[in-house]
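In what follows, a single structure is set out as structure tokens and then discussed.
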Amino acid sequence: MTEAPSPAAVDPQPDARIVFLATSPRVALGLLSWPAWETLRGADVVFAGDGGHPHIPYVEQATGAVVTLPDHSPAMAAERLLEAATPARTVVWLTEDEEYDGELAVALGNRLVGTQISPLPEIEVLPGSYDLPGARLLDLVDVMNRLRSPGGCPWDAEQTHASLVEYLLEEAYETVETIEDGDPMTPGPGRDALREELGDVLLQVMFHSRIAEEHDEDPFSIDDVADGIVAKLIRRHPHVFADVDAPTAEHVAANWDVIKAQEKKRDSVTEGVPMRYPALALAAKLTSKARKAGLAVSAGPAPDLPETPDELGEHLLALAAAAAVAGWDPEEALRAAARRYRNRIITAEEELARG
């Protein structure tokens, strides 16, 4: 006759588990981590708050039916989970609605406080998939699509590339101002402001890309924009992605100019310089281009420079003020001079080409 095992020799039943399975909406549906699939396949029951949960079809293929609770309050859903979570059973909740899931977790905690359930079920959060860097950009694509689609925002829907130009410039200037006037390297208001301004600039890129996607004959999307800049960065960094040697920043800049010239095949160094630059920036850019190309093109009589940048700024300010008093537009006057300088550069290039 076989003796019954002593109580100490009997393996106690494992505790119940309630697993909140969290997934990223920015990762392909059905693409879950191995621990997530192991938990799902071993689960005794899988719950979801709504029959429209995007992962339900994939979970049902692997584990069977998913119990949906579309009309349950968080407190009622907590009761259903606890009823199913008897010892040695695993109950999985497919998370989706952050606010609802948070209230459900609170309801479970409140229900377990002072409860007579023994042993208490283990409650854990299991990440089933993770966002990759840049994943939130997909959310921006979705929001922009919603704004431009029927039923979206009337103002956004009527914008064009041309109508958005002023906002593109404004956001760029505001970002520069934030960098110059704030403290973007120190946590605090300056850094927070920079993050916001960069978001505004990114919105302009996304907005223009969404408008471009609607073109009947030659559409392109934000993916095409990203693909182009990725390819350009790889081409122009052969010291990183190929076997070119560029030990210093100066070598990198020189290689960049050579590669850019080969790609663009421009007839003049002035090509690619936006003539709508602010006049001072335009003048500086043109003189820099001429200097790098080794073109001896005069920018006018050599002035007597002040001793410091601050004194230079005061001198330029005084010139601008005097011009305004005389009824002249200093911005347009310098822009006109820059245009004439550009023409002299082109003439010099043509003379060199003729030998």
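For R89, the amide hydrogen comes within under 5 Å of the amide hydrogens of A16, R17, counting only partners 5 or more places away or on other chains and with H modelled in the peptide plane.
Along the chain, the exposed loop sites are trypsin sites (Lys or Arg not before Pro) outside DSSP states H, G, I, E and B with at most 13 other Cβ atoms within 10 Å, and the longest stretch free of them is 1-264. Each residue of region 209-219 was assigned a 3J(HN,Hα) from its phi angle through the Karplus curve 6.51 cos²θ - 1.76 cosθ + 1.60 (θ = phi - 60°); the sequence is 5, 5, 4, 4, 5, 8, 5, 5, 9, 9, x Hz, with glycine and proline shown as x.
Straight-distance candidates among the aspartates and glutamates for linking to K264, with alpha-carbon spacing under 17 Å and chain neighbours fewer than 8 residues away dropped: E349.
With the simple model of a label 7 Å out from the Cα in the direction of the Cβ, V230 to D139 spans 2.2 nm.
Within region 136-220, the proportion of C-alpha pairs whose separation exceeds 19 Å stands at 47%.
Can you give me the Kirkwood hydrodynamic radius for region 203-246, using every pair of distinct Cα atoms, in Å to one decimal?
Working: mean 1/r = 0.0836 Å⁻¹.
It works out to 12.0 Å.
Out of every Cα-Cα pair that region 182-329 contains, those further apart than 25 angstrom amount to 61 percent. Taking amide hydrogens as placed 1.01 Å from N in the peptide plane, the amide H of T68 sits under 5 Å from those of A48, each at least 5 positions away in sequence or on another chain. Relative contact order of region 136-220, taken over Cα pairs closer than 8 Å and 6 or more residues apart, is 28 percent. Projected label points at A157 and E307, each 7 Å from Cα along the beta carbon direction, are separated by 6.5 nanometres.
Footprinting exposure proxy ranking of H55, H161, H208, fewest other C-beta atoms within 10 angstrom first, gives H161, H208, H55.
On full extension, the segment bounded by R191 and E177 gains 3.8 nm, given 0.36 nm per residue less the C-alpha separation. Dividing the helix sum by the residues of the chain, where each DSSP H run of 4 or more adds -39500 (n - 2.57), gives a mean residue ellipticity at 222 nm of -17000 deg cm²/dmol. Size descriptors for region 14-127: radius of gyration and Dmax over Cα atoms are 13.3, 42 Å.
The Cα-based radius of gyration and maximum Cα-Cα distance (Dmax) for region 87-208 are 22.8, 68 Å.
Please arrange E103, E197 by how many other C-beta atoms lie within 10 Å of their C-beta, fewest to most.
E103, E197
At a Cα cut-off below 14 Å, give the aspartates and glutamates reachable from K265, other chains included and same-chain residues fewer than 8 away excluded. Here the aspartates and glutamates satisfying the reach criterion relative to K265 are D257.
Note on the chain: the C-alpha convex hull projects to 34.6 nm² when averaged across all orientations.
How do S33, S298 rank when sorted from fewest to most other Cβ atoms within 10 Å of their own Cβ? Let's see the in-between values first.
On the way: S33 15, S298 10.
Result, fewest neighbours first: S298, S33.
Each residue of region 240-255 was assigned a 3J(HN,Hα) from its phi angle through the Karplus expression (A = 6.51, B = -1.76, C = 1.60, θ = phi - 60°), giving 9, 9, 9, 10, 6, 9, 8, x, 10, 4, 5, 4, 4, 4, 5, 4 Hz with x at Gly and Pro. Sorting the Cα pairs of region 275-354 by distance into bins of 10 Å, from 0 upward, gives 16, 42, 32, 9, 1 percent per bin.
Every number in this text was worked out from the coordinates using simple rules, so none of it is lab data. Worth saying up front: this structure is predicted, and the values here are computed from it rather than measured. Every residue, glycine among them, receives a Cβ derived from its backbone with ideal geometry; neighbour counts consider all protein chains shown.
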